[in-house]
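Below: one structure, written as structure tokens.
The values are calculated or read from the model by the stated rules, or taken from the named source; none is laboratory data. Bear in mind the structure is a predicted one, so any value in this text is a computation, not a measurement. Note that each Cβ is placed from the backbone with ideal geometry, even for glycine, and that neighbours are counted across all protein chains shown.
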């Protein structure tokens, strides 16, 4: 049984990643815009010397972390509501899943119609006299990007969290109450530790999806909204500096690997 | 001792007054009143669905009663949540926290009370020693046997020194031998720590061997409350007589009553005299309840010599004899209408099936139940 999955992983994941790694050591001739296969650390030196890459990477990590934390905060009450408060749980889950049936692009564009100058939000703010003129600050900003990411990745946090919450035996919550814990302390000492694997599973999804995205910055971001994914995209699609693009990709992979190591330290991955 | 603690010591440990609980149209607990004394081991006994667990959950605070009041140590707690009540529960499935080790499990209640670390450690060690699990504090609950988990659950509740310990069928998941040992241990704990125990079970043997008093429940009501002996010797209703141990029931009508003894006409058996505290009018249909082990069976050709004035004697035909090791169980027909089960100690000789036999028992051993 292990054989086919090893082949699958090898052909579709490990080989491409290995090629990317090899390519990051190739030489780029910027004058003739060609690459040759002479091994060099030149592209990594370029990465280290230009603060642009470090700044954009740091900014992307911060945004991914912010989106993840926000999604945890939003998903908890929603998942708890579906798990404990409603009888038709499958209907609640369906409502969470339905947005996933539409294209990611559609959902990102939807935020353009909401946040745009002639968008729903601006019309409402003007109608209610909170603003005198429609604001152009809502769209094409880091905030718009943050809102969009938080929204489109939310189901990936809700689903594992719901699954984890549903597995918490009600008797454990009663036992905690019985032993003198009030609501917030039951939450902190019993519910959160028990659903931690679910939170981490969801966080891996929201964090890595944000880390790798380059569509939303283009659709909703402002002039300073480039993420690390956009830099990689530029190297492959614009300047044709594939070795640099590969080197940046390796950097992103290293960040994600660190994140996974941290996650596995909590023991949550074994429990899944 | 201050006056207030003295007054408190006089108050019952737990008092339920007219407590009811309805779930939709279903009445789970129906007008239950109950007074539990300090340090008492009281058992709520009944079949599943009789309301015993719901009653316990009402005392714990997990269920809000639809009507009635609950007092613990004289204080009204009806509206208080579980974390504000000085009671602790041992759950049926133990409900140990899987993400904490044993010491953390046992110390949870003390931590919630914000005790100092040294205090918590000392009291956890004491509680672990009390249930004979010293030195296992670093283990996780999953590394323990069912019996050990049970003892951790006990320690986790007792360490808080609650006024009342509530136990919801705590021995249900254990095998018979372990159950016997734990019954003894629980009884011993109750006597040594001086905490009131309210124990829920459907196992009559457990109830009889452990309890100071037993409340027999059915259909959300308490049918009878008393010591094991009172319940067994003088069941108040047919349900109680049938649920606690085994009983024969002879159906008949009252023909006479005098000084707490009624005479009942039973088809096939003639006039049977039985204990009957209150006067019942002639002609009222009743049952006579009689324990199988209180009947003496003899071959009928033997003269009924030595039959005292306080005894009933009937004749019948032996239908069946079952060999059960230490006892022999007989089925005896009294004509077509009635049949008695008799259980005798195995003294080495069994009566022959098909023979006529003579049965006798003391008037004090049978009682009249109004149908």
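Could you list all residues from segment A:177-195 that are more than 7 Å from every other protein chain (Cβ to nearest Cβ) and within 18 Å of residue B:107 (Cβ to Cβ)?
A:186, A:188, A:189 - these are the residues of segment A:177-195 that are more than 7 Å from every other protein chain (Cβ to nearest Cβ) and within 18 Å of residue B:107 (Cβ to Cβ).
For segment B:157-181, enumerate the residues that are part of a loop (DSSP other than H, G, I, E, B) and either away from chain A (no Cβ under 14 Å) or closer than 12 Å to residue B:94 by Cα (or both).
B:169, B:170, B:171, B:172, B:173, B:174, B:175
Name the residues in segment A:209-224 that are more than 16 Å from residue A:105 (Cα to Cα) and surrounded by fewer than 20 Cβ atoms within 10 Å (Cβ to Cβ), would you?
A:222, A:223, A:224
Can you list the strands (runs of 3 or more DSSP E) found entirely within segment B:12-80 that contain at least 1 residues being within 14 Å of chain A (Cβ to nearest Cβ) and under 19 Å from residue B:163 (Cβ atoms)?
B:67-72
Condition first: part of a helix (DSSP H, G or I) and within 14 Å of another protein chain (Cβ to nearest Cβ). Now tell me which residues in segment B:109-149 satisfy that.
Once the filter is applied, which keeps residues that are part of a helix (DSSP H, G or I) and within 14 Å of another protein chain (Cβ to nearest Cβ), segment B:109-149 yields B:109, B:110, B:111, B:112, B:120, B:123, B:124, B:127, B:141, B:142, B:149.
I'd like to check something: does segment B:91-99 contain any residue that is surrounded by 15 or more Cβ atoms within 10 Å (Cβ to Cβ) and free of Cβ contacts under 8 Å to residues at least 12 places away in the same chain?
Taking every residue of segment B:91-99 in turn, at least one turns out to be surrounded by 15 or more Cβ atoms within 10 Å (Cβ to Cβ) and free of Cβ contacts under 8 Å to residues at least 12 places away in the same chain.
Do the conditions hold for residue A:138, that is, is it more than 14 Å from every other protein chain (Cβ to nearest Cβ), within 30 Å of residue A:262 (Cβ to Cβ) and either at pLDDT 90 or above or in contact with a helix residue (DSSP H, G or I) (Cβ under 9 Å, 6 or more places away or on another chain) (or both)?
No.
Quick check: is even one residue across segment B:42-63 more than 22 Å from the chain's Cα centre (by Cα) and surrounded by fewer than 22 Cβ atoms within 10 Å (Cβ to Cβ)?
yes
Would you be able to say whether some residue in segment A:231-243 is part of a helix (DSSP H, G or I), free of Cβ contacts under 8 Å to residues at least 40 places away in the same chain, out of contact with any helix residue (DSSP H, G or I) (no Cβ under 6 Å at 6 or more places or on another chain) and closer than 30 Å to residue B:112 by Cβ?
Within segment A:231-243, not a single residue is part of a helix (DSSP H, G or I), free of Cβ contacts under 8 Å to residues at least 40 places away in the same chain, out of contact with any helix residue (DSSP H, G or I) (no Cβ under 6 Å at 6 or more places or on another chain) and closer than 30 Å to residue B:112 by Cβ.
May I ask you to list pairs of residues, at least six apart or on different chains, whose Cβ atoms are under 7 Å apart, with the first in segment B:170-196 being on the phi > 0 side of the Ramachandran plot and the second being at pLDDT 85 or above?
Pairs that qualify, where the first residue is on the phi > 0 side of the Ramachandran plot and the partner is at pLDDT 85 or above, are B:194/B:39.
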